[in-house]
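This report concerns only the one structure given below.
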Amino acid sequence: MDLNIIEGRFAPSEDNKCAIASDGMVSTAFPQATQAGVDMLRKGGNAIDAACAAAFALGVCEPQASGLGGQSHAILHFQGKTIALDGSSRVPSLAHLDQIVGNHQLIKGHRATTVPSTPAVLGYLHFRYGSLDWSAILQPAIQLASDGYRITQLQHDLQKRELKSFLKIPGQSGAQYFLKEGKRAYEVGDLFKQPDLARLLEKIAWHGVKAFYTGSVAEQIDQDMRQHGGFLRAEDLAHIPWPVERKPLRRNYRSIKVFTCPPPSAGRTLLLMLQILKYLPPHLLLERDPKSFHFIAEAFRKALLNHKERPFDPNVYPQLPDDKKLLSSDYARRLSASICDVIDASLPSQDIYPSQYDTTHLSVMDNQGNAIGITQSIELVYGSKTAATGLGFLYNNYMSSLEFNDPSHPYYLRPNAIPWSSVAPIICFYKDKLWLVAGSPGSERIFSTMSQFLFHIVDGGMPISQAMTYPRFHCSVGGTLSIEADRFPPEVLDYLQSAGYKMDLREPYSFYLGAVHAALKCQTSTLFQGVAEIRRDGSAAGVSNLYGSV
């Protein structure tokens, strides 16, 4: 692994998808959120201050993916220590299965929401690790909600796609807030203002994060839920879902050390995938031979099957023994050796678990040696399609991530249970020096997006700018192969189809195949590099930007 090549060939871009700076770096899925983070660094704040400001701002300008009504997980490196933060939401106390008729109630509507944890996570991060005033952290989000932002092509397209789902909800509260005149998609370039959300953010800024979980806000949420048959109550909110600090999982991949989040996150799936790749013939990761994509697709299937078949809740089940076995070199070597020239017929041939969820990720580094990656979500695109009346945020639909058939399952739906998560943010070290923080949305495709990003860098010698834009694919356990079809040679597509994969041909630079947001501290210079996914709306920028601006 030659850092002179990887870091030296980085290409900044005029569209701010790729940036270089001298004093820290912020990468998020929306330019105004990136600017919020940069503003905190310029005020003298650290990476955690910048990340919290950016996260609140994302909840305003990327409402289809995250917000106050969702949940957040994080990995951070602060003053020499690396920490995973489990920000799981909780199932409301009234949510018993005998109250639910069909799992459709867990996908959309007021009954689909868990107790939101994002405000608690951001409040905890700032209290424990931040340095700026709390009100300063929320100011960019307040201004953004009050003044508005311009609707993007992606948001217009997603609103059109989700239009019927919005309008099917009794009361259409989500549609009233997030559709134009409550009945159609906003046009590209329309100014979108959120005055109710601005007032709520102001209240949180002045009275602290507890203002979201107690008092008049909790009473409004309680009343809204009672009116629409939801489970969430003021008593659930009063038991604030503060995050839990956990020991991160760690494995070596070639020359780097990769740290990621343990369960209920899916970091171990990513690490298992990287371990399998270590034992594949090296040329398979570097060549664009059709057989190479078959071997990598089979590795995706085996890693994902282990994730689905070996779930556990760390609050209930012991974690360490299982992870030692699952992530052992011997186990990865056996899985790697089991991949051959034909598709593995012993793996499931059908996909039981549909995956149409959305999330967002942000990455921040400061010039003090700190870094943080936050992956936050409201689960489905536009969450439960219901909004908190008078408060202006979307409720999540994380109830859909719980098991409702098998009572022995660790994530069986029960009061105070936590949802199963697919997030896998990473922090990487090169020769024990902080080097990279990165993450992606994409539900079960997160681990495949992140593993491709990493092996293109580490094995392929690509700069992060090239690794982010490189063609992507994913394979489900059941053999459905999603691929940016026009970006792969026709002979590759023909080979994979003839091998037995069910081909899911996606558009170039597909929204479906993840969105890497990463920041890198150069080891060959004093600079920072950042990338924001070309497949989404974001930007990367830092303090003392050397190329372009937010």
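The values are calculated or read from the model by the stated rules, or taken from the named source; none is laboratory data. Here the structure is a predicted model, which means the values were calculated and not measured. We place every Cβ from the backbone using ideal geometry, glycine too, and count neighbours over all the protein chains shown.
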statement: Condition set touching a residue at least 60 places away in the same chain (Cβ under 8 Å) and aromatic (Phe, Trp, Tyr), scope region 489-518, selection nearest to Ala11 (Cα to Cα): answer is Phe511
message: Condition first: crowded, with 24+ Cβ neighbours inside 10 Å, under 17 Å from Tyr509 (Cα atoms) and of a type in the set (Phe, Trp, Tyr). Now tell me which residues in region 446-484 satisfy that.
response: Phe453, Phe473
task: Would you tally the residues in region 25-45 being in contact with an Asp or Glu (Cβ under 6 Å, 6 or more places away or on another chain) and either closer than 14 Å to Gly373 by Cβ or surrounded by fewer than 24 Cβ atoms within 10 Å (Cβ to Cβ) (or both)?
output: 1
- prompt: Is at least one residue of region 390-399 of a type in the set (A, V, I, L, M) and modelled with pLDDT of 95 or more?
  reply: yes
- prompt: Of all the residues that make up region 37-74, how many are part of a strand (DSSP E or B) and over 23 Å from Phe166 (Cα atoms)?
  reply: 3
query: Got at least one residue in region 91-105 being in a helix (DSSP H, G or I), within 24 Å of Leu200 (Cβ to Cβ) and not acidic (Asp, Glu)?
result: no
query: For region 65-83, how many residues meet the condition of being touching a residue at least 12 places away in the same chain (Cβ under 8 Å) and surrounded by fewer than 24 Cβ atoms within 10 Å (Cβ to Cβ)?
result: 6
message: Please return the ranges of helices (runs of 4 or more DSSP H) entirely within region 108-191 where 1 or more residues are more than 25 Å from the chain's Cα centre (by Cα) and farther than 20 Å from Thr28 by Cβ.
response: 134-147, 163-168, 173-178
task: Would you confirm whether any residue within region 106-127 is modelled with pLDDT under 95 and surrounded by fewer than 20 Cβ atoms within 10 Å (Cβ to Cβ)?
output: yes
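For residues that are of a type in the set (Gly, Ala, Ser) and touching a residue at least 60 places away in the same chain (Cβ under 8 Å), tally how many sit in region 145-163.
Going residue by residue through region 145-163, those that are of a type in the set (Gly, Ala, Ser) are 145-146, 148.
Within this subset, residues satisfying the condition of being touching a residue at least 60 places away in the same chain (Cβ under 8 Å) are 145.
Here the count works out to 1.
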query: Does region 496-510 hold any residues that are surrounded by fewer than 17 Cβ atoms within 10 Å (Cβ to Cβ), more than 25 Å from Asp537 (Cα to Cα) and not aliphatic (A, V, I, L, M), and which are they?
result: Gln497, Ser498, Gly500, Lys502
